[in-house]
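First up is the structure itself, then whatever we jot down about it.
Throughout, read-outs are computed from the coordinates displayed, never taken from laboratory work. If you're wondering where the values come from, they're calculated on a predicted model, not measured in any experiment. Don't worry about glycine lacking a Cβ; one is built from the backbone with ideal geometry, like all the others, and counts go over all protein chains shown.
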Amino acid sequence: MRILISGASVAGPVLAYWLTRYGFAVTVVERAPSLRKTGGHAVDLFRPAMDISEKMGVLPRIERMVTGTTALTAYREGKRGVRVDLSKVFLATSDRHVEIMRDDLSEIYYDATSQDVEYVFGDSITSISEDGEVTFERGAPRRFDVIVGADGLHSNVRRLTFGDESAFTHHIGAYLAVLSVPNYLGLDGETIMHLRPGKSAGFYGAKHLDDGRAVFLFRNETPLEYHHRDVGRQKELLRERFAGTHPQVDRWLSELDGSAAFYFDAITQLRMDTWSRGRVTLAGDAGYCPGPAVGGSTSLAVLGAYVLAGELAEAGGDHARAFAACEREMGDLVDQSRAFALGAAKALIPSGALGVWGLVQGARLISALPAGVSRALAKLNSKGVRMHDSMTIREYATRVPSV
């Protein structure tokens, strides 16, 4: 049984790993000419994704590549910095958690599959027929039994199968931007952040990176006018929002035009009645993005890929049965992640000065408490900050598909 996956970032390689293990023939097509090597931005892996990575045999490598960020100094306007012990904050949210650069994580998952999976870089799907005939921008047409869109929030497979993304996106009033900046402050395991009502700008260094990352979060209740591939317009919007916030922030913005890594997008949720149609299904942010940076989307993508592969194996390759089972298994988890993301966006980007004060004081309180106390308090609410840690994974029996 031949399966085509579009996207080689996180969900795609994880899905490819498990499908190959279950005996499927897998091809991954990726629009980019090669794996990205700029580091990207930091992402979080919580317990379910850690458990799955351990099953894949890649957890030791992931743990060697963590960012090592353990401290935060937060600055409110005109106030002295407040020091926060991030290691205690992380312990409050998860008993098993790492922060890693997204491109490093993608490379680790890719390396775990590159010997057994056909990867086609520098190409993209242009059409998908009901019987599985797929055409490409560059390659010759090919036929597949199943096609999976694991190609992110702006999924090409979703557009071809379900229509324009505007029908499924839900703006939650926030934006995220990340750019690489020379680590002129020499930060190692530390983040500094300038907080203002409706926006924040931070800077961190990470192990294995020669440079640092500047991270910007801001609120905008109505969607901004730009195309997701129009980098020039995105940089213009970022400058307009943050110029003059603080001299340090202006220093970071001065690197915009020469930055090796840049990301800008709305923190958007995808809401679809189904992730599947015919032979096509979606995985990760392409189908159920809860909101980048606030909804645990990377961990959810790893879990969703694992579940989809397991359900296809249990169904003996019957894609209709497997797709329905996957949506049943993941539906409540996706809903919980969306609800969590809505609250997290409001908490992390307060609209008023009082909210900024509360955010800083809350983080300082957690870091001041003994780790065991803060973790015990957080465990009282499995749908709050411990929500991602409370997700469980099923065991799927290895089974060669019968069709």
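For Arg159 and Leu365 in the same chain, what is the full-extension length gain: residue separation times 0.36 nm, less their Cα-Cα distance, in nm?
In short, 69.6 nm is gained.
Per DSSP H run of at least 4 residues, take -39500 (n - 2.57); add these up for the chain, divide by its residues and hand me the 222 nm value, nearest 500 deg cm²/dmol.
It lands at -11000 deg cm²/dmol.
Efficiency by 1/(1 + (r/R0)^6): what FRET value for Arg31 and Lys207, r their Cβ-Cβ distance, R0 = 25 Å, to the nearest 0.05?
0.30
Write down the percent of antiparallel bridges among all DSSP beta bridges whose residues are both part of the chain, to the nearest 5.
Restricted to the chain, the bridges split so that about 70 percent are antiparallel.
Once whole DSSP H runs in the chain are found, which of them have Cα atoms spread over 18 Å or more along the helix axis and a mean Kyte-Doolittle score of at least 1.6?
Span-like helices here: none at all.
Compute the label zone of Arg328 within region 263-290: residues whose backbone N is under 19 Å from the point 7 Å along Cα-to-Cβ.
Answer for region 263-290: 273-278, 281-282.
Can you put Asp44, Asp95 in order, fewest other beta carbons within 10 Å first?
Asp95, Asp44
Fewest first, what order do His227, His170 take by the number of other Cβ atoms within 10 Å?
Values: His227 9, His170 13.
The order, fewest Cβ neighbours first, is His227, His170.
Mind sorting Trp275, Trp357 by how few other Cβ atoms lie within 10 Å of their own Cβ, fewest first?
Fewest-to-most Cβ neighbours within 10 Å comes out as Trp357, Trp275.
Let me spell out the model: positive unit charges on the Cβ of Lys and Arg, negative unit charges on the Cβ of Asp and Glu, origin at the Cα centre of the chain. What dipole size does that give, in debye rounded to 20?
Result for the chain is approximately 1160 debye, rounded to the nearest 20.
Would you give the gap between the C-alpha center of region 32-57 and the C-alpha center of region 144-180, rounded to a whole Å?
Spelled out, the Cα-based centre of one part sits 19 Å from the other.
In a shell of Cβ-Cβ distance under 13 Å around Ala353, excluding Ala353 itself, what net charge do Lys and Arg (+1) and Asp and Glu (-1) give?
It works out to a net charge of +3.
Of Lys55/Lys88; Lys37/Lys207; Lys88/Lys346; Lys88/Lys207, which pairs sit farther than 24 Å apart, going by alpha carbon to alpha carbon?
From the list (Lys55/Lys88; Lys37/Lys207; Lys88/Lys346; Lys88/Lys207), the Cα-Cα distance tops 24 Å for Lys55/Lys88.
Using alpha-carbon positions, what is the distance between the centroids of region 114-140 and region 289-353, in Å?
Computed from Cα coordinates, the inter-centre distance equals 25 Å.
How large is the dipole of region 238-334 about the Cα centre if only Lys and Arg carry +1 and Asp and Glu carry -1, each at its Cβ, rounded to the nearest 20 debye?
Computed about the Cα centre, the dipole is about 120 debye.
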